[in-house]
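Down below is the structure, laid out as structure tokens.
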Amino acid sequence: MAEYLSDEQVSRYGRFPAAPSPADLERFFYLDAPALAKVADKRGPHNRLGWAVQWGTVRMLGTFLLDPRDVPHVAVDYVAEQIGVADPSCIKLYPERAQTKWDHQGEIRELLEYREFAEAQDDLLTFLGSRVRNFRVSRRELFDRAVVWLIDNKVVLPGITVLERLVRDVRTDELDAINVVLTERTPVELRRELLETLEVPDGRRISTLEWMRTTVTDVSGMRRRWRLRRGRRGRRIWSAGSSR
């Protein structure tokens, strides 16, 4: 199981968290002319409906469902009306021949020009690396950005653990590289002083860094003097770094 993703992220990955809205149906499940032409070649209403439902599913979710019958009824009904299938419940017959489902997925990927994840992995790594270098982004946020990128770029989603590990690793590697550059550019004396701010001085309960970050709410004379000392300490460290 993914180590850092929320339950909500896991539950919605490659699935329908809710029934598609009317706008979603029109955007993802409205069959264009090439799709209708492909559907017309299929034998039996259940195969035509199954193919069309998979076509819409990959466009909306970025992946095919293991069982197309898991698609919300509103989407199945919407597609059935377009292709003239009077009984949408016939889709329950669609998975009876597994090879048919796989063959249809291959046709759909080719028709929509979708790529497999392995083909797009390097491009995704480049995108994620740029996000880490230019923005403060958590692993969860980066994961969501990766999903959006894959869907927008017509790449079939991989297993959730595959993407979770990739996002975790690229973020760790990029942050490590940034730290190396910052360390090399920071004078030894300043590095030592910065590290000292992480220590908890004798007689205190928090580190110097936490002390400097604490919001001042007491405006008494003693607290004002404490605030000035804290400000001078911070400016001294900043000045030491900026003057080099």
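The values are calculated or read from the model by the stated rules, or taken from the named source; none is laboratory data. Here the structure is a predicted model, which is why all the values come from computation and not from measurement. Neighbour counts run over all protein chains shown; Cβ positions are idealised from the backbone, glycine included. Each accessible area value is taken on the protein alone, full model and side chains, heavy atoms only, with ligands, DNA and RNA left out. Shrake-Rupley method; radii C 1.70, N 1.55, O 1.52, S 1.80 Å.
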Inset, instruction - Specify which residue in the list 146, 121, 187 is farthest towards the positive end of the charge dipole of region 115-195, using unit charges on the beta carbon of Lys, Arg (+1) and Asp, Glu (-1), about the Cα centre. - result: 187
Legend entry - Set of lysines near residue 101 by C-alpha distance (under 16 Å), chain-local residues within fewer than 8 positions excluded: 38, 42, 92
Inset, instruction - Would you mind checking which residues have amide H under 5 Å from residue 115's amide H? H placed 1.01 Å from N; only 5 or more apart, or other chain. - result: 155, 156
Inset, instruction - Could you please report the charge total around residue 3, scoring K, R as +1 and D, E as -1 over all other residues with beta-carbon less than 14 angstrom from its beta-carbon? - result: +2
Inset, instruction - Quick one: pull the percentage of alpha-carbon pairs in region 9-117 with a separation above 21 Å. - result: 28
Inset, instruction - Just need the relative contact order of region 1-97 here, percent rounded to a whole number, with Cα pairs under 8 Å and 6+ apart. - result: 33
Legend entry - Positive dipole terminus of region 32-116, leading residue within 84, 98, 56 (C-beta point charges): 98
Inset, instruction - Just the number, please: carbon plus sulfur as a percent of the accessible area of region 1-138, 1.4 Å probe, no ligands or DNA/RNA counted. - result: 49
